Amino acid sequence: MARAVHFEIHSADPERAGRFYTAVLGWTVERWGDQDYWVVTTGPADEPGLNGGILPRQGPAPEPGAAVNGYVITHQVDDIDATLRGALDNGATVAVDKAPMPGVGMLAYLNDPDGNLFGVLEGEQTG
């Protein structure tokens, strides 16, 4: 079985993308030496999760309203409404409105300021 171990976000402005994801999702984003690459840490090393990177986009940005044509990463959040407000305040746009996913929670899709699609999920409360 092949396990996903890393993600990459392509951006016209990697430093801006780093600020966006730090503000919206609380990530740590640090430039990797003098490379055009920013290392992304999404949470503590002792918790499950996936880390990645941000690098300069090498082509046109995704077209608004275009079909999804790549992997979409969805991020678990504690409060989807607060996350949506923070994302919109930081330049995101809504791709798919928040909606319930029975047995899972509330899910929404956003486009970051570079047009990259990502999901946010507030899991159902149990107990």
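The values are calculated or read from the model by the stated rules, or taken from the named source; none is laboratory data. Note that the structure is predicted; figures quoted are calculated from it, not measured. Glycine also receives a Cβ, built like all others from the backbone with ideal geometry; neighbour counts cover every protein chain displayed. Heads up: the accessible areas ignore ligands, DNA and RNA and are worked out on the full protein's heavy atoms, side chains in. Shrake-Rupley method; radii C 1.70, N 1.55, O 1.52, S 1.80 Å.
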Accessible surface, per residue, of the chain when the full set of protein chains is kept, probe 1.4 Å, Å²: 65 Å²
Find the relative contact order for the chain and round it to a whole percent, using C-alpha pairs within less than 8 Å whose residues are 6+ positions apart. 24 percent
Magnitude of the charge dipole, the stretch 65-122, Cβ model with Lys/Arg +1 and Asp/Glu -1, debye to 20: 160 debye
For the stretch 59-127, what's the relative contact order in percent, using C-alpha pairs closer than 8 Å and at least 6 residues apart? 36 percent
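Of the accessible area of the chain, with the probe set at 1.4 angstrom, what percent is carbon plus sulfur?
51 percent
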A correct Stokes-Einstein calculation for the stretch 64-127, using the alpha-carbon Kirkwood radius, 10 °C and 1.306 mPa s, returns a whole-number D in µm² s⁻¹ of 131 µm²/s
Please state the charge dipole magnitude for the chain, taken about the Cα centre, from unit charges on C-beta atoms (+1 on K and R, -1 on D and E), reported in debye and rounded to the nearest 20. 200 debye
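For the chain, which semi-axes, largest first and in whole Å, follow from the square roots of 5 times the eigenvalues of its Cα gyration tensor?
23, 18, 14
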Apply the Karplus parameterisation 6.51 cos²θ - 1.76 cosθ + 1.60, with θ equal to phi minus 60°, to every residue of the stretch 101-117 and state each ³J(HN,Hα) to the nearest whole Hz, in sequence, with x for glycine and proline. 10, x, x, 10, x, 9, 10, 9, 10, 10, 10, 6, x, 8, x, 6, 7
Placing +1 on each Lys and Arg Cβ and -1 on each Asp and Glu Cβ in the chain, then taking the dipole about the Cα centre, the residue among 71, 7, 24 whose Cα reaches farthest towards the positive end is 71
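Taking every pair of distinct Cα atoms and averaging 1/r, then inverting, what Kirkwood hydrodynamic radius in Å comes out for the stretch 1-41? Numbers along the way, then the final one.
Details: mean 1/r = 0.0898 Å⁻¹.
The Cα-based Kirkwood calculation yields 11.1 Å.
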